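The values are calculated or read from the model by the stated rules, or taken from the named source; none is laboratory data. No experiment lies behind these values; they were computed from the predicted model shown. Glycine also receives a Cβ, built like all others from the backbone with ideal geometry; neighbour counts cover every protein chain displayed. The accessibility values were calculated without ligands, DNA or RNA, using every heavy atom of the protein model including side chains. Shrake-Rupley method; radii C 1.70, N 1.55, O 1.52, S 1.80 Å.
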Amino acid sequence: MPSRDDAVPLPADRFLNRELSWLDFNARVLELAEDDRLPLLERVKFLAIFASNLDEFYMVRIAGLKRRQSTGLTVRSPDGLTIREQLERVTARTQELVQRHSDVFNKDVLPRLEEAGIRIVHWDELEEAAALKLREYFRDQVFPVLTPLAVDPAHPFPYISGLSLNLAVSVRDPDTNAPRFARLKVPNNVPRFVPVAIAGSVADGAPSAAFLPLEELIAAHLSQLFPGLDVLDHHFFRVTRNADLEVEEDRDEDLLQALERELARRRFGPAVRLEVAEPMDPRILEVLVSELEVQPDDVVHVPGLLDLASLMALYDLDRPELKDEPFVPTTHPRLSEGETPKSVFATLREGDVLVHHPYHSFATSVQRFIEQAAADPNVLAIKQTLYRTSGDSPIVNALIEAAEAGKQVVVLVEIKARFDEEANISWARSLERAGCHVVYGLVGLKTHCKTALVVRREQGVIRRYCHIGTGNYNPKTARLYEDLGILTADPRVGADLTDLFNVLTGYSRQTNYRTLMVAPHGVRNGLVEKIRREVRHAAEGRPAGIRIKVNSLVDEKIIDALYEASQAGVPVELFVRGICALRPGVEGLSENIRVRSVVGRFLEHSRVISFVNGGEREWWIGSADLMHRNLDRRVEVLLRVCDDVARRQLHEALEAALGPDVRCWELRSDGQWERLEGRDYQADLMDRIHALAG
């Protein structure tokens, strides 16, 4: 087989833009909000998720583009666009999606909510009795926490915090007729939607619920905040700031202190987006653009309410008839006998256990594994990586109990996990106080792998038990995110994790493992070699094929290797939830590659890779997406699954996800995603796993 250097040059337009591809992913979320077949409050949830996703996109991705633009860099993206061109296209696409988002909320979901007895009302619609109660609420609960800030020669324009909702208020001095400008922040520690007392019920007997947006309640009482002045007008606006940390890591500086310093700076990051509620006085908008130092292209005009991420408050209403049927995860059948939990250690001595969340309960599998280890007097040590976990984490509590019981507990807490930095610092200190050995990772790298190692003495022999997964040790997200994990007593995996923790906590530079591929040294090269192995098998007439399920596919070297496989006739099936820079279905390049995405009730989050390998199929699971950051700047782990039962279960799961009749989106060669109707494979998995559990 010729080397890549000797092959026909690949076309320059073979990559799709990652930023636009991410916006396409969020558009798929929006399509679920537009889907009137879904329960009404589920549509509200997807409206909120879309808004929250877009906030983070601006805080990180757009902020990064603007930062590079400010440095004068002229590097083009892999698809050939300059930074300016990317920003122009993203701005246009974003405004289009924001309009769709507002339209589905204002023109479709809001009327349906009202039909269901859930109303968002305006102040001028209120009856006097309801208005009186809200005046009392404003006086007692809201007015004391408001701080109007004047803007004049004696009062410079105030700092506007990121993601805060604000009022720009125009007032006039009646004595001098001089105009004045003030900013008023809507407090974020008061409910955004204020309940309104309105009698009545809907036809089916469900109680009515009405809410007034907090900003409208404040706007109705502006005269109390500016006594003696004439309130002329007010406008709502919201600012998004750069929230991407740039921690300058120095081997001689305490990483924890460096991160805390950057966290203090993050709230003062430059503004990257200004959202304004339509209509807005052009003169007020000019003041905001000037004072916030944003460009006109950074202004996003929003019809109706700002910050629809707050709609999650409506989703939390007790209206089960407007939501999906409740789903209760089941205990993996090998981890219990009827209602009685089994020893995880005894189970794993009989063979590996593949857990598939949220279908299998996290609490009765992974969490129980750590809790049993903490309570077991035969356990000598627990070593674990923590990237994200929940506020009241049973995993952290179990580790603390283990340390207090005298066990050796080593925890690598990734304090650079984006937007969880402060929480992770807090948990790290709690673990340290309990006597755990806490490590903060490696300089220049984030530790993203999901691994746990338990060392147990059994009849004078040391045995190691392991968990390697695709998702975080977080019991809350484990009910919402689709993830996979292997619980195993395989001595090879135990030896590999022991070596890996020596790398993470000491000075070991090991890069080769028995059952693992570990980034930043081994994942990209390992995957490219295995892709090219499929090319060799195809050339020899042996069975060949590749299946990959990831959140994002961006890495150019891996994409080019997949193009090479397609050109050699290797069938490639890709399940990519979010960003995909590969262009499938192009004649002579990628006609043997198919790409699909599923966005549904659960967030598809597992990473699974399968190679036909001449008939001796290989299966890998792990934490790594196929992106530069994962392969070059993170510690990631892919585990080769060797247990025959687990391999069969992985095959069944991927077969279900990639079946020809699954409801999904497929990526076309022009970069557009096409929605295909079919069966809900997540619902099928819920039914099948519950049936297997008996």
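Here is how the numbers come out for the structure above:
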{"read-out": "Matching residues in region 500-520 - criterion: being under 20 Å from LYS446 (Cβ atoms) and either in a helix (DSSP H, G or I) or β-branched (Val, Ile, Thr) (or both)", "value": "LEU500, PHE501, ASN502, VAL503, LEU504, THR505, THR511, VAL518"}
{"read-out": "So SER393, is it open to solvent by 20 Å² or more (accessible area, probe 1.4 Å) and out of contact with any strand residue (DSSP E or B) (no Cβ under 7 Å at 6 or more places or on another chain)", "value": "no"}
{"read-out": "Cβ-Cβ under 6 Å pairs, at least 6 apart or on other chains, region 5-24 side buried (at least 17 other Cβ atoms within 10 Å of the Cβ) and of a type outside the set (D, E, K, R), far side part of a loop (DSSP other than H, G, I, E, B) and modelled with pLDDT of 95 or more", "value": "PHE15/ALA581; LEU16/ALA581; LEU16/ARG583; LEU16/GLY671; SER21/ILE579; TRP22/ILE579"}
{"read-out": "Count of residues meeting criterion [closer than 30 Å to ALA309 by Cα and out of contact with any Pro (no Cβ under 8 Å at 6 or more places or on another chain)] in region 137-183", "value": "23"}
{"read-out": "Residue among ALA539, ALA544, ALA519 that is open to solvent by 50 Å² or more (accessible area, probe 1.4 Å) and touching a residue at least 40 places away in the same chain (Cβ under 8 Å)", "value": "ALA539"}
{"read-out": "Only one of GLY588, GLY578 that is under 23 Å from the mean Cα position of the chain (by Cα), part of a loop (DSSP other than H, G, I, E, B) and closer than 28 Å to LEU676 by Cα", "value": "GLY578"}
{"read-out": "Wholly enclosed strands (runs of 3 or more DSSP E) of region 425-482 bearing at least 2 residues more than 20 Å from the chain's Cα centre (by Cα) and farther than 30 Å from MET627 by Cβ", "value": "450-458, 461-469"}
{"read-out": "Scope region 680-694; condition over 15 Å from LEU603 (Cα atoms) and either at pLDDT 95 or above or open to solvent by 70 Å² or more (accessible area, probe 1.4 Å) (or both); matching residues", "value": "ASP687, ARG688, HIS690, ALA691, LEU692, GLY694"}
{"read-out": "Among (1) open to solvent by 10 Å² or more (accessible area, probe 1.4 Å); (2) part of a loop (DSSP other than H, G, I, E, B); (3) free of Cβ contacts under 8 Å to residues at least 60 places away in the same chain - the single one VAL570 does not satisfy", "value": "(1)"}
{"read-out": "Failed item, numbered, when ASP661 is tested on (1) surrounded by fewer than 14 Cβ atoms within 10 Å (Cβ to Cβ); (2) under 22 Å from ILE531 (Cβ atoms)", "value": "(2)"}
{"read-out": "Matching option when the condition is assigned to a helix (DSSP H, G or I) and either touching a strand residue (DSSP E or B) at 6+ places or on another chain (Cβ under 9 Å) or within 24 Å of ALA27 (Cα to Cα) (or both), among VAL595, VAL635, VAL608, VAL645", "value": "VAL645"}
{"read-out": "Only one of ALA197, ALA182 that is buried (at least 18 other Cβ atoms within 10 Å of the Cβ), modelled with pLDDT under 95 and of a type outside the set (Lys, Arg)", "value": "ALA182"}
{"read-out": "All positions within region 55-93 that are in contact (Cβ under 8 Å) with a residue 12 or more places away in the chain, surrounded by 12 or more Cβ atoms within 10 Å (Cβ to Cβ) and assigned to a loop (DSSP other than H, G, I, E, B)", "value": "SER77, PRO78, ASP79, LEU81"}
{"read-out": "Scope region 317-330; condition closer than 15 Å to LEU480 by Cα and open to solvent by 90 Å² or more (accessible area, probe 1.4 Å); matching residues", "value": "GLU325, PRO326, VAL328"}
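A quick yes/no check of all residues on (1) out of contact with any helix residue (DSSP H, G or I) (no Cβ under 7 Å at 6 or more places or on another chain); (2) among the aromatic types (Phe, Trp, Tyr):
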{"position": "ASP13", "(1), (2)": "yes, no"}
{"position": "SER21", "(1), (2)": "yes, no"}
{"position": "ASP24", "(1), (2)": "yes, no"}
{"position": "PRO39", "(1), (2)": "no, no"}
{"position": "TYR58", "(1), (2)": "yes, yes"}
{"position": "GLN69", "(1), (2)": "no, no"}
{"position": "THR82", "(1), (2)": "yes, no"}
{"position": "GLU88", "(1), (2)": "yes, no"}
{"position": "SER102", "(1), (2)": "yes, no"}
